[in-house]
Each structure stands twice: as C-alpha cells, then as structure tokens.
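This report concerns only the one structure given below.
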Amino acid sequence: MDCESIKQMEALLEQADEPLQRSFQNMHQGFKENNLERFLRAREGNVVKANKMLVDSLNWRVSNDIDDILSKPIEPKELYDAIRESQLVGMSGFDKQGRPVFAIGVGHSGYDRAPLDKYVQSHIQINEYRDRVVLPAASRQLGRYVGSCLKILDMTGLKLSALNRIKILTVISTIDDLNYPEKTDAYYIVNAPYVFTACWKAVKPLLQERTKKKIKVLQGSGREELLKVMDASVIPEFCRPSKESRGKTTPIEPSTSCFSSSHPFHIELWSYIKQRALESQSRKCGPAPTLSFHVKVPDKASEGSSEVVQIIESTLEHLNLDEDGSVSGNGSTSGSNHGSSHHGTDDEASSKARE
C-alpha cells in the first residue's frame, strides 16, 4: 500500500473517539502502520471502505470488551478442557519465516460440549493472544515485523453431520472476516475427503480472488509440501507418519497433540489468562467476582458467507453420500484423488477459511 493511503487512514483515525483510539493501541501493539495496511488490503486499497471497516471493528471491540478478554478465563477449568477437546485448535510452532503455525481439526471438532458463546470466547482469546503476545514476541526476536500466521486445516473425520456445525463456523468466520483481516497468509487443507472436495467445487467461485490465492488443498497429509515452508518438528501430528496397528492409526498421546489442553501452547495461554485475571482483580481490590464474558454474535454473516452456506447445504443434499462422507454404493473416494499441491493455485481450497 502507498504511504499516502496510510496517512489518510491515520488522519481519519485521529477523529475517532478516545475509547476507539485506546482499543486501536491494543490492536496494533506498536505496529500502527502495519495494522492500518491490513485493513487497506482487505478493502482493496479503498481508504473510505478500509476506515469504515476499522472503525466498525474498533466499535465491536469496545462494545464487547475485547481488550479485556485475556483477563476473563473460561471457568470452571473442566469447561475449558471440554472446549479444547471439542474445538480442536492449537499452535505447533513457527515456519521458516518466523510466522506462527496454527492447526485446526475441522473434521473432528464437534462444538457440542459448551454453549456457542464459550466457543466464540475461546476463539477470540486465541486470536488476541496471537496478536498481542505471540506475534509481537516473534517480531522482537527476529528484529522485523511479523504480523500474520499460517493455518493447517485437518479434514480427517469430516462427515455429513458437519452440516450441524455450519452455524458456529459461520459465526467464527464472520468475526474473523470483519475484525481480524489479513492475519493469515496461507491455509493448507490436508486429509480432505470427498465430501469436502465436492463442496469446494461449488464454493470456490464465490470467494474473492485474494482469498483463493491463500488456500491450497494438499495431497493426502501434505507433509512434503509443508516441509517446504516449515521444519519437520513444526508439522502437526496429523500430518506425520503414524504407526499402523490392525489397520487403524495408533492414537496420539494427548500431551503431544497441539490440540490438547496439556500442550505447552495451551498451558501458556491458560496461565497467561489466569495471571491477567489476578492482576485485574488486584487493581480493583476486594473479593473476586464471578468473571463472565459474552460476545454479541453477528446478526448476519459477512458478505458472501450466507451464500456459501446455502451452496454447501444444497451440494450436500444432492450428493449421494453415506454419513462418513463416502460415495454411497461406489466405495469411498479419497480426497487425495481430488486435490494435489502440484497444480498451484488451482488446488486452493476451503470454504471455512474466509479471512
């Protein structure tokens, strides 16, 4: 983006109310121009549209107390652990450029053990921890700005029943679209079954070209392609060779899974939130109240999301599939036959990822 557009954004932001400017400080963490550029990229360089998007996002942050979300732990701890077991997300390390690598278990995430608002709270907390702690630390360590991440989406276990999760996935996707634009440089789709491939063919034309260029469907587990951008130790466990026993994959030990609440990333995240909660309470003085948090979910999906959901629903209704996502009467069709990383951006895919 040209410097003039960024200067115009800065001038417009100076007219915003004080609460919005304070929230922007939390958002940019000392990298003001880089964050203004994010919103400009999200709106194709249009200053007026980018400023509106930024102001709307800051209003969302203020009205939902997002700046304090990292001092509001999800409790009791059993509830937090249940969310970790049913909303599979974790950080496995950093890629060769120093960007954090996040893994998302799309296929096995049930979103069925907690209220919707708790899943939304957990998602936003991870976003905020990434933006306020992980990325600034990486920037300081490398001596240059690191403002985005990579995401690896594991489609293992994706079934027709995933249709029941479309609502919560749409809510989360919309929050990211509107408030965390351009925070993900690439989405890698791995272990994709036929049901995903079929939906992608219908959804792909609806996505912006900028989004499609970020997304790649890799063949099988995608290990060889991932090794081009990250070390083997960073590749999530679902992309690594596994021992076979009687035709079944040996279960991964909880402590080694980046999804587990016992993984170092989640231990650090939980400890950080608990410490912030204690510090917040000590400043207020007095008995600790029961901390609660509720984010108002978007009234409607972001532009294009509703149409995407309708297309997915229509596609699944017309597919002759078994519950496990295989073609009924014709045997299962492996996702590796429908997507290959060797075709460049023609193999980009994912209706879930809409940043």
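Pick from region 154-171 the residues that are among the small types (Gly, Ala, Ser) and part of a helix (DSSP H, G or I): which of them is nearest to the chain's Cα centre (by Cα)?
Here is the first cut: in region 154-171, the residues among the small types (Gly, Ala, Ser) are 157, 161-162.
In the following step, the residues that additionally are part of a helix (DSSP H, G or I) were identified as 161-162.
Details: 161: 21, 162: 17 Å.
Once the filter is applied, the top-ranked residue is 162.
Test residue 242 against the stated conditions and say whether it is surrounded by 13 or more Cβ atoms within 10 Å (Cβ to Cβ), at pLDDT 50 or above, of a type in the set (Gly, Ala, Ser) and touching a helix residue (DSSP H, G or I) at 6+ places or on another chain (Cβ under 7 Å). Full working, then the answer.
Working: surrounded by 13 or more Cβ atoms within 10 Å (Cβ to Cβ): yes; at pLDDT 50 or above: yes; of a type in the set (Gly, Ala, Ser): yes; touching a helix residue (DSSP H, G or I) at 6+ places or on another chain (Cβ under 7 Å): no.
So residue 242 does not fit the description; no.
Residue-wise test of (1) modelled with pLDDT of 95 or more; (2) surrounded by fewer than 19 Cβ atoms within 10 Å (Cβ to Cβ); (3) part of a strand (DSSP E or B).
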{"residue": "92", "(1), (2), (3)": "yes, no, yes"}
{"residue": "97", "(1), (2), (3)": "yes, yes, no"}
{"residue": "113", "(1), (2), (3)": "yes, yes, no"}
{"residue": "121", "(1), (2), (3)": "yes, no, no"}
{"residue": "129", "(1), (2), (3)": "yes, no, no"}
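Got a sec? Which helices (runs of 4 or more DSSP H) wholly within region 172-239 have at least 2 residues that are touching an Asp or Glu at 6+ places or on another chain (Cβ under 8 Å), assigned by TED's automatic domain parsing to the domain that holds residue 149 and in contact (Cβ under 8 Å) with a residue 40 or more places away in the chain? Talk me through it step by step, then tell me what you get.
Numbers: elements: 194-203, 209-212, 223-226.
Of the helices (runs of 4 or more DSSP H) lying wholly inside region 172-239, those with at least 2 residues that are touching an Asp or Glu at 6+ places or on another chain (Cβ under 8 Å), assigned by TED's automatic domain parsing to the domain that holds residue 149 and in contact (Cβ under 8 Å) with a residue 40 or more places away in the chain span 209-212.
Here are the criteria: (1) surrounded by fewer than 18 Cβ atoms within 10 Å (Cβ to Cβ); (2) over 23 Å from residue 45 (Cα atoms). Tell me which single one residue 145 does not satisfy.
Exception for residue 145: condition (2).
Can you name every residue in region 102-143 that is touching a residue at least 40 places away in the same chain (Cβ under 8 Å) and among the basic types (Lys, Arg)?
The answer is 118, 130, 132.
When you go through 209, 237 one by one, which is the residue that is surrounded by fewer than 22 Cβ atoms within 10 Å (Cβ to Cβ), charged (D, E, K, R) and within 26 Å of residue 112 (Cα to Cα)? Spell out how you get there, then give the answer.
On the way: 209 fails: within 26 Å of residue 112 (Cα to Cα).
Going through 209, 237 in turn, the sole match is 237.
Only one of (1) of a type outside the set (A, V, I, L, M); (2) in a strand (DSSP E or B); (3) surrounded by fewer than 19 Cβ atoms within 10 Å (Cβ to Cβ) fails for residue 140. Which number is that?
Of (1) of a type outside the set (A, V, I, L, M); (2) in a strand (DSSP E or B); (3) surrounded by fewer than 19 Cβ atoms within 10 Å (Cβ to Cβ), only one is false for residue 140: (2).
Output yes when any residue across region 59-68 is among the aromatic types (Phe, Trp, Tyr), in a helix (DSSP H, G or I), crowded, with 17+ Cβ neighbours inside 10 Å and touching a residue at least 12 places away in the same chain (Cβ under 8 Å), and no when none is.
Step one: of region 59-68, the residues among the aromatic types (Phe, Trp, Tyr) are 60.
Retained after the next criterion (residues that are in a helix (DSSP H, G or I)): 60.
Remaining after also requiring crowded, with 17+ Cβ neighbours inside 10 Å: 60.
Among the residues that remain, those that are also touching a residue at least 12 places away in the same chain (Cβ under 8 Å) are: 60.
Yes, the conditions are met somewhere in region 59-68.
Just to be sure before I move on: is residue 84 charged (D, E, K, R) and crowded, with 20+ Cβ neighbours inside 10 Å in the structure I sent?
Details: charged (D, E, K, R): yes; crowded, with 20+ Cβ neighbours inside 10 Å: yes.
In short, yes.
Find all pairs meeting these conditions: Cβ atoms under 9 angstrom apart; at least six residues apart or on different chains; first residue within region 17-37 and under 22 Å from residue 125 (Cβ atoms) and free of Cβ contacts under 8 Å to residues at least 24 places away in the same chain; second residue assigned to a helix (DSSP H, G or I) and not acidic (Asp, Glu).
That search, which allows pairs on different chains as well, returns 25/32; 28/34; 28/35; 28/36.
Return the residues of region 6-52 that are buried (at least 16 other Cβ atoms within 10 Å of the Cβ), among the polar types (S, T, N, Q) and over 19 Å from residue 146 (Cβ atoms); say none if nothing qualifies.
The answer is 8, 23, 51.
The values are calculated or read from the model by the stated rules, or taken from the named source; none is laboratory data. Predicted, not measured: the structure shown is a model, and the values here were computed from it. Cβ: placed from backbone, ideal geometry, glycine included. Neighbour counts: every protein chain shown.
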